[in-house]
1. Before anything else, pin down the relative contact order of the chain: Cα pairs under 8 Å, at least 6 apart, normalised by residue count, whole percent.
2. Using a Cα-Cα cut-off of under 23 Å, which lysines could be cross-linked to Lys6, ignoring same-chain neighbours fewer than 8 residues away?
3. Applying 1/(1 + (r/R0)^6) with R0 = 41 Å to the Cβ-Cβ distance of Arg155 and Leu55, what FRET efficiency is obtained, to the nearest 0.05?
4. Using a Förster distance of 45 angstrom, determine the FRET efficiency expected from the C-beta separation of Ser15 and His77, and round it to 0.05.
5. Can you give the alpha-carbon Rg of segment 34-117 over 2.2 N^0.38 Å, where N counts its residues?
6. Across 5 Å bins from the origin, how do the percents of Cα pairs in segment 1-58 run, short distances first?
7. Whole percent per 10 Å bin, from 0 to the bin with the longest distance: what is P(r) over all C-alpha pairs of segment 162-214?
8. Quick one: among Gln62, Gln82, Gln161, which has the greatest mean-square fluctuation in a GNM of the chain with alpha-carbon springs under 10 angstrom?
Amino acid sequence: MGHTQKSRSQDAILSDGSHEKTYLLGSNVQSREVTHFDEKGQPKDSQNYDEGGRLISEDSVQPNGDEESKIYDHDGHIVSDQKTHVSDDRTRFDRWSYDAEGNLVWHLALTGEGELLSDWYKVGYKSKVSSSDSLGIVRPHLSVSYKFDEEGSGRLEKMVQHTSEDCNCNLEPDSEEHYNFDGMLDEKAEIKYVRDKNNNWTSRSVFVWDSHSNTMIQIEQDVRKIEYY
């Protein structure tokens, strides 16, 4: 309609040494995040606030590496409390989730490579917040995530992404596989890149798996021109 709005972030160091990042749309505050640090300068906890200053979530990391993430409703009550414990050798991850009354509603145990060791779910429980799909692990060149179904049956779907060593991040996967609630592979995609000397892709071809012929079929090709100056 001929109108434009600019989004931006504003950083500040508070008097106690914490870091505040404010997100704005035009001149209006959209959200705010405050991060506190330990004596070694490592983040130890963070709080997220909405445009009205209401606490909506917070995350914390214990000295032993254990993590906790809480989500709050409009009245300030906890609706989701998720805890993660990492083994000393980082070969096992345990995650627990609790409801508003502090009752355990699910538990996952994973290997350091994201393979499922065990899981438990309180059948019939339906979360008041959107189901998370970040219940797995992220490693260089590998991302494995799990998501519980929304019906409260406790079934899990799984997504696996692989990234080649040519890319120094996990944002441009070379392959992706999706496993349904029965643990069966039902979708698979492969992406082939041509990269320039700065490791940015200039051509990208997308292939998907055809289960009937058991072959990969190209469905898309993207080309982009990058100018450096």
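Each value in this text was obtained by applying a stated rule to the coordinates, not by laboratory testing. Note that the structure is a prediction, hence the values are computed from the model and not measured. With ideal geometry, Cβ positions are generated from the backbone for all residues, glycine too; neighbour counts draw on all protein chains shown.
1. On the way: 495 pairs, mean separation 15.2, N = 229.
Result for the chain is 7 percent.
2. Lys21
3. Between Arg155 and Leu55 the formula returns 0.80.
4. Efficiency, from the Cβ-Cβ distance: 0.90.
5. Working: Rg = 14.6 Å, N = 84, 2.2 N^0.38 = 11.8 Å.
Taking N as the residue count of segment 34-117, the ratio is 1.23.
6. 4, 18, 23, 22, 15, 8, 5, 3, 2, 1, 0
7. For segment 162-214, the pair-distance distribution reads 22, 45, 24, 9, 0.
8. Gln62
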